[in-house]
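Bear in mind these aren't lab numbers, they're just calculated from the coordinates by the rules spelled out. On a predicted model such as this, the values are computed, not experimentally measured, just so you know. With ideal geometry, Cβ positions are generated from the backbone for all residues, glycine too; neighbour counts draw on all protein chains shown.
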Amino acid sequence: MYRVWNFITNYSLLLILGAVIALVWANVSPVSYEHFIETVLIEDFFIGAAVMGENGEVTRELTLHYLVNEVLMAFFFAMAGKEVWEAVILKNGSLRGKKAATPLVATAGGMIGPVAVYLGLAYFLGSDTYDAVARGWAIPTATDIAFSYLVGRFVFGAGHPAVRFLLLLAIADDAIGLIILAVFYPDPLVPLSLSWLAVSFGAAIAVYVLFNYLPRRLDAGNELRPVSTWVRNKLHFLPYLAAGAISWYGFEQAGIAPALGLLPIVPTIPHADRAFGIFSEAEKHLKDLLNRIEHLLAHPVEIILFFFGLFNAGVQFSSIGSPTWLVLGGLLIGKPLGILIFGAFAANILRLGLPAGMRTVDLVVIGCVAAIGFTVSLFVASVAFESGTMLGGIEVQAAAKMGAVFSFGAVITSVIAGKLCRVQKQHV
């Protein structure tokens, strides 16, 4: 039993609303929109966007855009990281065992295919285009879990095994996407600092030892595990909030996307003994600290996603250009091809198989559904290209963002692919 509709209404509709307002605002009054999102809250602050001064000195200024994208979105990525962590580490986790083998291989195809199409088409368009857009290769690799899952249920029916396959693929895609963001998109104005990165992981190790390792040591030989149980059910979130703040600051000073700064802390939080699955109704009854924190963050993240859409989707339609079509080509062509080729190879050549009731041709439809990039694609576009970088009179970042917004066209291609592949809907 999945709480999909609640998840979609809580998260996705507010995100869409913010994006729609941004699109309208940016096209009706682009100057006021740009002035709004770049509003400087505090100049020469200890956190904020790195800016190059006239004397070549790098300082930081806290803008509304930075506050939303790098501070508040850290909570969104922490929740995404929580789902990935549980899927990997907990008993019955969806990314454990043979059941996840074919989806994981298909995920690799869903990353490689878009990159190949994006860079291949860019190379075909000439060296000027390629040089201008090459840094955005990761934009079309993203899959929006919530939207793709909703469309997958519409196309396949809630009871079709392809829906579960799609969900596993989307979770794995997000996990790889987080790694890509951290490794390939550091702040160009801030040199990578391993010592500051060590501060982040030091904070994670400290809370892990205090609230995971030591309680288990104290419970050694006691089957009731009283100390571990008390920590898991009663410990307040404040120690982890403090550790998260230190970790976030370490990421920022290290030159790595600070929006990912809470991820080292997530695995250290006392959690449930088994996973019930993303969107599972049972999760709302879990009282462990990790799930309690997720419940506390649920409504604030709804608002955060609204502002993320508002601050990132405001692109003028005149910005449509070659980066737009490259992102769309990577998503709408590269995703289905990559997932089909790699998924079929895993299922039929490596003999890893597909879930009972699922056909190889269903991989085509899954690939079309997974082509909805939106949220993470928008985020990657915002960090891949510097604002103001131009190509043929069009701002590259804005054009790439428009491709991420237009990825909603995958809804149409998914429905058409479902009809052509003769998908038989299966309901619960």
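Want the number for GLU38 to VAL51: 0.36 nm per residue separation, take away the alpha-carbon distance, what's left? Don't skip to the answer; put the middle values down first.
Working: separation 13, 0.36 × 13 = 4.68 nm, distance 1.28 nm.
Answer, rounded to one decimal: 3.4 nm.
Length available on full extension from ASN27 to LEU214: 0.36 nm per residue minus the Cα-Cα distance, which gives 61.7 nm.
Set the Förster radius R0 to 22 Å, insert the Cβ-Cβ distance between LYS98 and ALA134 as r into 1/(1 + (r/R0)^6), and round the FRET efficiency to 0.05.
Values: r = 37 Å, r/R0 = 1.70.
Between LYS98 and ALA134 the formula returns 0.05.
Within a straight-line Cα-Cα reach of under 18 Å, LYS287 can be paired with the following aspartates and glutamates, leaving aside sequence neighbours fewer than 8 residues apart in one chain: GLU83, GLU86, ASP273.
Note on the chain: dipole from Cβ charges, positive end direction compared against LEU166, ILE42, ILE320; the farthest Cα belongs to LEU166.
Subtracting the Cα-Cα distance of LYS287 and THR360 from their residue separation scaled by 0.36 nm leaves 22.3 nm. Which helices, taking whole DSSP H runs in the chain, have alpha carbons extending 20 angstrom or more along the helix axis plus mean Kyte-Doolittle at least 0.0? Helices passing the filter in the chain: 13-28, 73-89, 101-124, 161-184, 194-208, 238-254, 289-312.
For every helix of n ≥ 4 consecutive DSSP H residues, a contribution of -39,500 (n - 2.57) applies; sum these over the chain, divide by its total residues, and give [θ] at 222 nm rounded to the nearest 500 deg cm²/dmol. Value at 222 nm, helices only: -17500 deg cm²/dmol.
Please arrange MET402, MET52 by counting, for each residue, the other beta carbons lying within 10 Å of its beta carbon, fewest first. Please list the in-between numbers first.
Working: MET402 26, MET52 11.
Ranking MET402, MET52 by Cβ neighbours within 10 Å, fewest first, gives MET52, MET402.
Among THR59, THR143, THR268, the largest mean-square fluctuation in a Gaussian network model of the chain, built with springs joining Cα atoms closer than 10 Å, belongs to THR59.
By the count of neighbouring beta-carbon atoms within 10 Å, fewest first, ARG359, ARG153 end up ordered ARG359, ARG153.
Taking a ≥ b ≥ c as the square roots of the eigenvalues of the Cα gyration tensor of the chain, is the shape rounded (a/c under 1.5), prolate (a/b larger than b/c) or oblate?
Working: a/c = 1.72, a/b = 1.06, b/c = 1.62.
Here the chain falls in the oblate category.
Arrange TYR249, TYR240 by Cβ neighbour counts within 10 Å, fewest through most, would you? Provide the component values of the computation, followed by the final result.
Working: TYR249 18, TYR240 24.
Taking fewest neighbouring Cβ atoms as first place, the list is TYR249, TYR240.
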